[in-house]
Amino acid sequence: EGAVRSYFVNDEGIDHTIQFAIEDWFISDFNSYIHQTPASLFVEAIEDSIVQQIAYTDVEKLCSENPKFERFFRLVAQKSFAFSQRRVLSNLGKSAEERYLEFQQLYPSIIQRVPQYALASYLGMSPEFLSKIRKRLTSKS
């Protein structure tokens, strides 16, 4: 339970949120996990959280011993890839306001739970710019 985010910090010290996760979601530095290399992402709890962790070797063992786990983890990986691709396309093809509205539509429960700085970082804008978008949208209503 709870809410967490993964992020990286660039050379200028600015953090960029990559992903949010709430109850029953997976979050990881998947590149690091799959290749068994040091992580480049941080995972931070943004609410009090209870998390479960599973080692790569344990996943591999489960998958080799039980085809149902193999299928489960394959589906998780496929959904994760599809989500990442949709996010890249959104970031490349939509305005900041469109990205905010899309996030609001897809994840209404998350938008109320994450701090503005993390949401702005995820959407690729400053917290001040996100505040202007929210204010403009509120005044339209």
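The values are calculated or read from the model by the stated rules, or taken from the named source; none is laboratory data. Just so you know, these numbers come straight off a predicted model, no measurement behind them. Quick reminder, even Gly has a Cβ in these numbers, built from the backbone with ideal geometry, and neighbours come from all protein chains shown. Surface accessibility is based on the protein's heavy atoms, side chains included, excluding ligands, DNA and RNA. Shrake-Rupley method; radii C 1.70, N 1.55, O 1.52, S 1.80 Å.
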Query raised in the report: Does Ser28 satisfy being among the small types (Gly, Ala, Ser), farther than 26 Å from Ile133 by Cα and either in contact (Cβ under 8 Å) with a residue 40 or more places away in the chain or surrounded by fewer than 13 Cβ atoms within 10 Å (Cβ to Cβ) (or both)?
Result: no
Report task. Might you check whether a residue that is touching a strand residue (DSSP E or B) at 6+ places or on another chain (Cβ under 8 Å), in contact (Cβ under 8 Å) with a residue 24 or more places away in the chain and not hydrophobic (A, V, I, L, M, F, W, C) occurs anywhere in the stretch 76-85? Result -> no
Query raised in the report: Can you name the residue in the stretch 118-137 that is more than 14 Å from the chain's Cα centre (by Cα) and within 23 Å of Ala45 (Cβ to Cβ) and, of all such residues, is least open to solvent (accessible area, probe 1.4 Å)?
Result: Leu130
Requested in this report: Give Glu47, Glu12 a once-over and let me know the one that is of a type in the set (Asp, Glu), in contact (Cβ under 8 Å) with a residue 40 or more places away in the chain and farther than 16 Å from Tyr122 by Cα.
Outcome: Glu47
Query raised in the report: Can you find even one residue in the stretch 122-131 that is part of a helix (DSSP H, G or I), of a type in the set (D, E, K, R) and under 22 Å from Ile18 (Cβ atoms)?
Result: yes
Report summary line: Considering the stretch 45-85, residues that are small (Gly, Ala, Ser) and either at pLDDT below 90 or outside any loop (DSSP other than H, G, I, E, B) (or both), and then whichever is least open to solvent (accessible area, probe 1.4 Å), we arrive at Ser80
Query raised in the report: Is it true that Thr37 is free of Cβ contacts under 8 Å to residues at least 40 places away in the same chain, hydroxyl-bearing (Ser, Thr, Tyr) and open to solvent by 80 Å² or more (accessible area, probe 1.4 Å)?
Result: no
Requested in this report: Answer with yes or no whether Ser90 is in contact (Cβ under 8 Å) with a residue 40 or more places away in the chain, open to solvent by less than 70 Å² (accessible area, probe 1.4 Å) and in a helix (DSSP H, G or I).
Outcome: no
Query raised in the report: Arg99: of a type in the set (D, E, K, R), surrounded by 11 or more Cβ atoms within 10 Å (Cβ to Cβ) and under 14 Å from the mean Cα position of the chain (by Cα), yes or no?
Result: no
